[in-house]
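Taken together, the values in this text are just the output of simple stated rules run on the coordinates, not laboratory data. Quantities reported herein were computed from a predicted structural model and do not represent experimental measurements. Please note: Cβ atoms are built from the backbone with ideal geometry, for glycine as well, and neighbour counts cover all protein chains shown.
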Amino acid sequence: MADFLGLLPDLPTTLSCPTGPHLDKLISRNYRVGMRWVKHAILVANILMFGLLLLLLDVQGASLIRPGDWEYKDLIAILLTVVSLIVTFIGFIVAVAAIWGFQTLRGIAEQVSVEASKSGSDSYFSSEGFTQRVDAAITQVMEARARDAVQDALGASIVASDAAPEHQMRDEEWRD
């Protein structure tokens, strides 16, 4: 009875992942919301950096670069610092995108798996083969129960008749 009278092993093992307008709409809506935020953040950051650069050049101008004050080791240190900041920023963006993407993909995968299992089980349970197997299993169980009930009822009368005194004393011998 644990495997529903032997019916579960025939469940479909491969369910196709539904792709269609409902899934595309779900993905595109989540993508649009997330990408809109990212585009606005990048645009604001670029405008601020460009404004700060213009302000710095306007205030300081060419006086920032004085002959003899800058050496290659200073330039290399500044460039390496800038590169490490860029790599750190890119790593932060990748980490946020990974967490957000994982949560989005998990939600979409849950919805798709629920829809696929519902459609697969509905088609299997409504099939003619399933109803025939269920009917056959029910008939088999009912026949076994009826047979057991008849044997239980007749078993008591057979034992009682064998225990009667006229069957216990016999004058004839048993022959094989």
Testing the spin-label approximation: label points 7 Å from Cα along Cα→Cβ at ASP152 and LEU55. State their distance in nm.
9.1
FRET efficiency, 1/(1 + (r/R0)^6) with R0 41 Å, evaluated for SER121 and ALA41 via beta carbons:
0.40
Per-residue ³J(HN,Hα) for region 42-58, Karplus 6.51 cos²θ - 1.76 cosθ + 1.60, θ = phi - 60°, Hz, x for Gly and Pro:
5, 4, 5, 5, 5, 5, 5, 5, 5, x, 5, 5, 4, 5, 5, 5, 5
Of the residues ALA146, GLY120, THR131, the Cα lying farthest along the dipole of region 92-146 towards its positive end, which is defined by charges on the beta carbon of Lys, Arg, Asp and Glu, belongs to GLY120
